[in-house]
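As structure tokens, the structure follows; a few thoughts come after it.
Values quoted throughout were computed directly from the atomic coordinates according to the rules given, and no laboratory measurement underlies them. Fair warning: this is a prediction, and the values are worked out from it, not measured in the lab. Glycine also receives a Cβ, built like all others from the backbone with ideal geometry; neighbour counts cover every protein chain displayed.
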Amino acid sequence: MQDWLAVLTERGIKEGALFRRIRKGGHLGEALAPAAVRDIVKERCVLAGVEGGFSAHSLRAGFVTEAGRQNMPLPETMAMTGHQSVATVMGYFRAESSLGSRVSRMLDED
């Protein structure tokens, strides 16, 4: 990822889409289409031997969930995902099982 970010920086790209089409000659184009992201995610999961119904949507849910687990400020997470509604972004959050979670461990404390 660091290498890719370095490429974007070298090419003067400081905003906009992170993942872009790469055209002939290595020229960077516009943002990848949602269908392209979906296909890449599915292909890479198969190549990695990862089972399950992964999709581009899984990436967004994973990002939102991990940001929450690391106590990142919700407004910063929303800025990254482009969501304007708290309800919408929270729909992507995948709460861990209640067993073993920090909240459930509070019940065990004396």
**Report entry** Sites matching trypsin sites (Lys or Arg not before Pro) across the stretch 7-85 that sit in DSSP coil, with at most 16 neighbouring C-beta atoms within 10 Å
**Finding:** Arg11, Lys14, Arg23
Requested in this report: Could you work out how far apart the two model spin labels at Thr88 and Ala48 are, taking each label as a point 7 Å from the Cα in the direction of the beta carbon, and quote it in nm?
Outcome: 2.7 nm
Query raised in the report: In deg cm²/dmol and to the nearest 500, what is the mean residue ellipticity at 222 nm of the chain if only DSSP H runs of at least 4 residues count, each as -39500 (n - 2.57), divided by the residue total?
Result: -14500 deg cm²/dmol
Query raised in the report: Amide H neighbours of Arg20 under 5 Å, counting only residues 5+ apart in sequence or on other chains, H built in-plane at 1.01 Å?
Result: Leu32
Query raised in the report: What residues have an amide H closer than 5 Å to that of Leu28, excluding those fewer than 5 places away on the same chain, when H is modeled at 1.01 Å from N in the peptide plane?
Result: Arg23
